[in-house]
Amino acid sequence: MAELNAKHLVAQMLGAAAKVLKKDWKESKSYAEMEFTKLAQTIVMIQTNHALGQLSTTEAKLLLDIQKNAMRSVMLTLEGLGIIAVEKAINAALKVVRDTVNSAVGFVLL
C-alpha cells in the first residue's frame, strides 16, 4: 500500500472545493484550508493505525464521519455558505482523492 501524503491530499481537496465555492472562495479559503488539513491528517492517521491493526474498518469510518461532521459545522458558520454549497464542496473534495485514499488504506473509506 502506498503511504498517503497529507499535504498532497489537502492540495487536491482544496482545488476541488475552490471550484464549487468559487463565488465564496475568498471568504471561505482560510477555513477550508484549516478543515481540509484536519481531514487529510485524519485520513493519514486512519491509514497508519489500520495498517498496524489498531483501528478496525468500522472505527476508521466513524472517525472519518466525525471529522467530516466537524468540518461541515465549521464551514456552515461562514455567512453566505449554505448546507448545499458546503456539502457539494466536501463531496467534490472527497471525490478527487477517493481512489488514492481507498487504494492506500485497502478498503472503501471514501
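Read-outs throughout are calculated quantities, based only on the coordinates presented, and are distinct from any laboratory measurement. What you are looking at is a predicted structure, and each value in this text was computed from that prediction instead of being measured. Note that each Cβ is placed from the backbone with ideal geometry, even for glycine, and that neighbours are counted across all protein chains shown.
Within region 73-110, the set of residues being of a type in the set (Lys, Arg) and in contact with a helix residue (DSSP H, G or I) (Cβ under 6 Å, 6 or more places away or on another chain) comprises 88 only. Counting only residues that are touching a residue at least 40 places away in the same chain (Cβ under 8 Å) and farther than 16 Å from residue 110 by Cα, region 4-16 holds 2 of them. Cβ-Cβ distances below 6 Å connect the following pairs, each with a first residue in region 48-72 that is surrounded by 14 or more Cβ atoms within 10 Å (Cβ to Cβ), a second residue that is charged (D, E, K, R) and assigned to a helix (DSSP H, G or I), and a separation of six or more residues or different chains: 71/35. Scanning region 79-95 for residues that are surrounded by fewer than 17 Cβ atoms within 10 Å (Cβ to Cβ) and touching a residue at least 60 places away in the same chain (Cβ under 8 Å) yields 88, 95.
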